[in-house]
Amino acid sequence: MCNLDEYDMIFNRLNSKFTGDISKNILTHEPLICNCGTYNELTQLLDESMKMEFSGFETVLFNKQLTNLIHCPVTAKGSYIIPDTVETIGIEAFAKCKNVTSVRIPLSLKSIGCLAFESCISLTTILIPDSVIEMGFRIFSNCTGLTSIYVQAKSPMKLDIDSDIFYNVDTDNGILYVPQGTKKYYQHANQWRKFKNIIETESFQHLSTLN
């Protein structure tokens, strides 16, 4: 699996190959839908890049169908709204994006890959919609600024005891917001029960403006 430095190297090489801003290009290679792929696979794609189809959408790398968000450059800043077409946030997709302050996750999302938001230290609030059915290892690890997590699911997602979803997140002072009548379930569920402050909320409708 490629690491983030290699991905950014690829972004730089793509930028030199194409006129204009890399922010207007999207790599559209099907084998990247399910995983990052190896560095050799990605460099091979670059060698064949003139044969590939690119289309525009901000600074983020997607598959052709815009259903899989593969990578956000670590230089990204501010707020980002994930397109409603996205169903998967890939492995390390936003990892080390230290200047990203908010990410709005669409209701279409089904899975979040391992280390997806690792070391997003400026991220303060996140909403996990009830459409999400799979969450990988240490998704929010080292998100030291994360203080509010909103979870729409009325039944806590079953997470492995060693998945460390919230590794190095301040679960003593941070707040986990859950649907009305579900607090007792989250208090006894793996990973979720790490939060000392679990608050029930009646509606998540206002959260469209949070991120």
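Readers should treat all values here as calculations from the given coordinates under stated rules, not as data from a laboratory. Just so you know, these numbers come straight off a predicted model, no measurement behind them.
Fully extending the segment from ASN173 to THR147, taken as 0.36 nm per residue of separation minus the present Cα-Cα distance, adds 8.6 nm.
With a threshold of 27 Å on the Cα-Cα distance, the over-threshold entries among LYS64/LYS158; LYS64/LYS194; LYS98/LYS183; LYS154/LYS196; LYS77/LYS154 are LYS64/LYS158; LYS64/LYS194; LYS98/LYS183; LYS77/LYS154. A straight chain from ASP160 to THR101 at 0.36 nm per residue would run longer than the Cα-Cα distance by 18.4 nm.
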